[in-house]
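Report on one structure; see the data block that follows.
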Amino acid sequence: MVGRPKSFDNDTAIDAFVEEFWSRGYEATSIDHLQAAIGIKRGSFYAAFGNKESAFIAAMERYVDDVTKLVVGELEQNPDPRAGLSGMLRQVGAFMTSNNGRGCLLLSALAAPPELCPDHAKKLQSMAEYVMLRIADKATLLVEQAGRPMRMDADAIHAYMTSVLFGLNAMATAEVDNDSILLAAETAAVFLETA
């Protein structure tokens, strides 16, 4: 006997999960929300995705592929590390204004880490490291190529970038007005350009 075919497309389902987790956050998103988003019953959800944690990790991986890697890619492709880092801050500021109220799914998950099993927690951490290691690499390159004494070393630049990214995300999730978010991003970028 042939089983009943799935009534949903897996890629479309994961895109819907991204929207649910991004809009609600991990804790406030229930299995019922995820089921409703893709129109399947609880048993079908568990058969296809296992549990809420697995659906969350699948959504995070999709988000990193679709959003985070684009931002990081532009950082990596810029031959000027100072312009790459300051440009990233401006780009993230613009992203936050277009997602005011939601911010960045990855940064929000890192700011308030959900309770996950060790394997899933490790996957989430590796997503964070993907971004942070690339920022650290550019910060090191900036210091090496500066040709003059700088106010910050590579570790300080990395810490600065991290604090600004989390700060911009906090502003967006708190629904601070877009002009203020853009001003914060621009001020941070200019500071880095003159460091």
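Points to keep in mind about this one:
- Residue list for segment 163-174, filter: buried (at least 17 other Cβ atoms within 10 Å of the Cβ) and hydroxyl-bearing (Ser, Thr, Tyr): Thr173
- Those residues of segment 116-159 which are within 17 Å of Asn78 (Cα to Cα), of a type in the set (Asp, Glu) and surrounded by 12 or more Cβ atoms within 10 Å (Cβ to Cβ), in sequence order: Asp137
- Taken together, Glu61, Glu53 contain a single residue that is part of a helix (DSSP H, G or I), farther than 18 Å from Ala185 by Cβ, of a type outside the set (A, V, I, L, M, F, W, C) and in contact with a His (Cβ under 7 Å, 6 or more places away or on another chain), which is Glu53.
- Among the residues listed as Ala172, Ala109, Ala185, the single one being part of a helix (DSSP H, G or I) and farther than 19 Å from Tyr26 by Cα: Ala185
- One residue from Gly167, Gly87 being free of Cβ contacts under 8 Å to residues at least 60 places away in the same chain, more than 17 Å from Val64 (Cα to Cα) and under 17 Å from the mean Cα position of the chain (by Cα): Gly167
- For segment 19-29, the count of residues that are surrounded by 14 or more Cβ atoms within 10 Å (Cβ to Cβ), among the aromatic types (Phe, Trp, Tyr), under 15 Å from the mean Cα position of the chain (by Cα) and not in a helix (DSSP H, G or I) is nonzero.
The numbers here are math on the coordinates, done by the rules we state, and not lab data. Computed from a predicted model, the values in this text were never measured in an experiment. Quick reminder, even Gly has a Cβ in these numbers, built from the backbone with ideal geometry, and neighbours come from all protein chains shown.
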